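Heads up, the thing below is written out as structure tokens.
The values are calculated or read from the model by the stated rules, or taken from the named source; none is laboratory data. Computed from a predicted model, the values in this text were never measured in an experiment. All Cβ positions, even for glycine, are placed from backbone atoms using ideal geometry, and neighbour counts span all protein chains on display.
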Amino acid sequence: MSEKKLQPLQAVKGMNDILPPESARWEWLEAKMRSVLQRYGYQNVRTPIVEPTALFVRGIGEVTDIVEKEMYAFEDRADKHGQAEHLALRPEMTAGVVRAMTEHNFLRDSGRRLYYFGPMFRREKPQKGRYRQFHQMGVEALGFAGPDVDAEVILMGSRLLRELGLVDGDHFRLELNCLGSPDERRAHREALIKHLEAHVELLDEDGKRRMHTNPLRVLDTKNPALQDMANAAPKLLDFLGEASLAHFNGVRAILDAAGVKYTINPRLVRGLDYYNLTVFEWITEKLGSQGTVCGGGRYDGLIEQLGGKPAPAVGFGMGIERMLLLLEEVGVAPAAPVPHAYAVVPSANGLPQVMVALEALRGAGVSVVLHPGQSSMKSQFKKADASGAAYALVFGEDELAQGLVAVKPLRGQGGEQATRPLATAAEWAAELLNA
């Protein structure tokens, strides 16, 4: 009886492998982001992928789509007392960062400027730029109350987009709004619910369900039939008091002075319950319905809501997959990483000498690829040329016998072929680095 052939396993739908050379684009993007973030004094933070379900119910809001429909929540195995924890794969990371700061009392002395990279999880229909496991870069400025920090975060986001090669006005635009204080939002909410009740016959089932639980989200509709009703709805900006308006105008004054272009969108609300005062999004027209490439705002009540001492906070999140799609769409293509040199070894007899020399070069900062196994010189040179390396290091038997290596330029910019002593490889490594 023949054994049953095992079928190969595949990744979970909507959770993708990232392989070379695509992974090089991710590394390039992350390096660009780190460079900008560190210039503003932001430090890296890493939190668990799995958190208590209650963290997101309390932080994001029980009646949001994320908690109601999308979150991967499960009951862990029971302990010896029969108790089981309710856990969730993180659908976003702000709540986890706040939890970490509170748990470790990290805001006791001063505010913190933090950034993160990592995977998030939401169970929704996978589509281009929107996956069940997706990745975000985010920043959180915790413990700072003024409009200057809101403006700084926005300036940082705009600089990041520009340094990635995107052009303001052509590839993206910035939208702002102010959500005010909880009391101001409550007054607006009451007026908004009355407006929606007066037009209830226009609402779909989802709109009717949200009308009393999350009425702001009803306005965030793409349905053409609802645009007139949404445009006529009471605007939150009309309910703002003196302090909220002063904060918003303070943000705008700094952005105006810095020459950052923006439009005020009174219907911009973001998708999570914890925002107040300033909210913002960078929008693109290049990706169809996946228009938001980065967004965030102020969330002064979240730290207290999650059990910490009251403290202000502001931040934003940027989707890595969506940003890479945008860069590809507008023709921003990072150069693929290439080695400085490629080692061509005609005979395995010299490998001990070769390996020692290559280690000396790598120790001096040179990236060198060694051809695996044995093949013809023609084949090895073909691989060397395809690698993009500027030089081939040819370890011929005659050269090795004299303690030498032939350094052969491959791109026409490195002069003539020359021999170099193996014993002083670290000293002539600069030739390869400066190619």
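Looking only at segment 139-165, count every residue that is surrounded by fewer than 22 Cβ atoms within 10 Å (Cβ to Cβ) and not in a helix (DSSP H, G or I) and tell me the total.
6
In segment 381-419, what count of residues is obtained for those that are within 13 Å of Val368 (Cβ to Cβ) and assigned to a strand (DSSP E or B)?
Adding up the residues that qualify gives 6.
Select from segment 280-305 the residues that are of a type in the set (Asp, Glu) and in a loop (DSSP other than H, G, I, E, B) and write down the one among them that is nearest to Ser181 (Cα to Cα).
Across segment 280-305, the extreme among qualifying residues is Asp300.
Being assigned by TED's automatic domain parsing to the domain that holds Glu285 and in a helix (DSSP H, G or I): is that true of Arg322 here?
Taking the combined requirement at face value, the residue satisfies it.
Which condition number in (1) exposed (fewer than 12 other Cβ atoms within 10 Å of the Cβ); (2) within 30 Å of Gly331 (Cα to Cα); (3) small (Gly, Ala, Ser) is the one that Gly14 fails?
(1)
Restricted to segment 48-89, and to residues that are in a loop (DSSP other than H, G, I, E, B) and of a type in the set (S, T, N, Q), which residue is modelled with the highest pLDDT?
Result: Gln83.
Does segment 118-127 contain at least one residue that is over 19 Å from the mean Cα position of the chain (by Cα), closer than 28 Å to Glu175 by Cα and either at pLDDT 95 or above or in a helix (DSSP H, G or I) (or both)?
Within segment 118-127 (the criterion being over 19 Å from the mean Cα position of the chain (by Cα), closer than 28 Å to Glu175 by Cα and either at pLDDT 95 or above or in a helix (DSSP H, G or I) (or both)), the answer is no, since none of the residues qualifies.
Evaluate segment 214-222: report whether one residue or more is exposed (fewer than 13 other Cβ atoms within 10 Å of the Cβ) and acidic (Asp, Glu).
Within segment 214-222 (the criterion being exposed (fewer than 13 other Cβ atoms within 10 Å of the Cβ) and acidic (Asp, Glu)), the answer is no, since none of the residues qualifies.
Residues to consider are Asp109, Asp168, Asp148, Asp183; find the one that is modelled with pLDDT of 95 or more and among the charged types (D, E, K, R).
Answer to the check: Asp148.
Quick one: Leu37 ticks every box in (1) in a loop (DSSP other than H, G, I, E, B); (2) closer than 21 Å to Gly317 by Cβ bar one, so which box is it?
(1)
Mind checking which pairs have a first residue in segment 29-43 that is on the phi < 0 side of the Ramachandran plot and a second that is surrounded by 15 or more Cβ atoms within 10 Å (Cβ to Cβ) and acidic (Asp, Glu), Cβ under 8 Å, 6 or more apart or different chains?
Cβ pairs passing all conditions: Tyr40/Glu152.
Looking at the structure I just gave you, is Glu92 under 16 Å from the mean Cα position of the chain (by Cα), modelled with pLDDT under 95 and either in a loop (DSSP other than H, G, I, E, B) or crowded, with 18+ Cβ neighbours inside 10 Å (or both)?
yes
When segment 234-271 is examined, which residues are found to be of a type in the set (A, V, I, L, M, F, W, C), farther than 18 Å from Val153 by Cβ and at pLDDT 90 or above?
Phe239, Leu240, Ala243, Leu245, Ala246 - these are the residues of segment 234-271 that are of a type in the set (A, V, I, L, M, F, W, C), farther than 18 Å from Val153 by Cβ and at pLDDT 90 or above.
Would you mention how many residues in segment 184-206 are closer than 18 Å to Leu240 by Cα, surrounded by fewer than 17 Cβ atoms within 10 Å (Cβ to Cβ) and among the basic types (Lys, Arg)?
1
Only one of Glu304, Glu285 is touching a Pro at 6+ places or on another chain (Cβ under 6 Å) and charged (D, E, K, R); which?
The match here is Glu304.
Residues checked against (1) modelled with pLDDT under 95; (2) more than 30 Å from Leu161 (Cβ to Cβ); (3) surrounded by fewer than 14 Cβ atoms within 10 Å (Cβ to Cβ); (4) not acidic (Asp, Glu):
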residue	(1), (2), (3), (4)
Pro310	yes, yes, yes, yes
Gly315	no, no, no, yes
Val344	yes, yes, no, yes
Ala348	yes, yes, yes, yes
Gly373	yes, yes, yes, yes
Phe381	yes, yes, no, yes
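Just wondering, is there one or more residues in segment 56-74 that are among the β-branched types (Val, Ile, Thr) and within 18 Å of the chain's Cα centre (by Cα)?
No; the residues of segment 56-74 include none that is among the β-branched types (Val, Ile, Thr) and within 18 Å of the chain's Cα centre (by Cα).
Need a quick list: helices (runs of 4 or more DSSP H) entirely within segment 169-269 having at least 1 residues that are of a type outside the set (Asp, Glu) and touching a Pro at 6+ places or on another chain (Cβ under 6 Å).
182-198, 242-258
Determine the pairs where a residue that is closer than 30 Å to Ala357 by Cα, located within segment 327-343, has a partner that is loosely packed, with under 12 Cβ neighbours inside 10 Å with Cβ atoms under 6 Å apart, the partner being 6 or more residues away or on another chain.
Final answer for the pair search is Ala336/Pro21.
Could we say that Gly301 is of a type in the set (Gly, Ala, Ser), touching a helix residue (DSSP H, G or I) at 6+ places or on another chain (Cβ under 9 Å) and farther than 26 Å from Arg34 by Cα here?
yes
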